[in-house]
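Structure, as structure tokens:
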Amino acid sequence: MAMLGNFVLETANNPGTGDFILSGAPAGRRGWSGAFPDGEVYYFADDGTQAEWGIGRLTHGIPASISRDTVIGTTQDRAVRLNFTGTTLVYSALPAEAMPAPVVQGASVVADRS
């Protein structure tokens, strides 16, 4: 199961459509390698003009990296890797698609995705 953590954020510079090569956490934020062991993680990536979310594999190293194994969604409404140029924020968050449906008084509520 993919890992999820609070307040985890690092930058990646010019990742294109490849892996996110992590450049370090801003002051006051947790880095990926400090928050998780190697393994599957949920990620969001955002360069200010587009965003992508999915499941990747964190690999510790110098530098650490996150692969983009399963793209769940993007702001371009397609599940393919986006081409990020420039500084990209890569943070840990749970995509709505991975959230269980809430249960209200014994009945499952399923969101309308139309």
Seminar exercise, completed: Checking rank on 90-99, 64-73, with mean other Cβ inside 10 Å and highest first, the result is 64-73, 90-99
Seminar exercise, completed: Dipole check, the range 22-91, charges on Cβ (K,R +1; D,E -1), about Cα centroid: among 76, 65, 54 the Cα furthest to the positive pole belongs to 65
Problem set entry | Given charges at beta-carbon only (K, R positive; D, E negative), |dipole| of the range 9-108 in Debye | 100
Problem set entry | Estimated inter-spin distance, residue 97 and residue 78, nm [label 7 Å along Cα→Cβ] | 1.4
Exercise. Once the principal axes of the Cα atoms of the range 9-108 are found, what is the range along each, listed largest first in whole angstroms?
Worked result: 49, 29, 24
Exercise. Spin-label point model (7 Å from Cα, Cβ direction): what's the residue 3 to residue 27 distance in nm?
Worked result: 2.7
For this session: Could you pull out which residues in the range 61-89 have an amide N less than 20 Å from a spot 7 Å beyond the Cα of residue 17, following the Cα-Cβ vector?
Result: 66-89
Exercise. Kirkwood Rh, Cα Rg: Rg to Rh for the range 9-67?
Worked result: 0.92
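Read-outs: derived from the displayed coordinates by stated rules, not from any lab. Keep in mind the model is a prediction, meaning the values are calculated, not measured. So basically every Cβ, Gly included, is an ideal-geometry build from the backbone, and we count neighbours across all protein chains shown.
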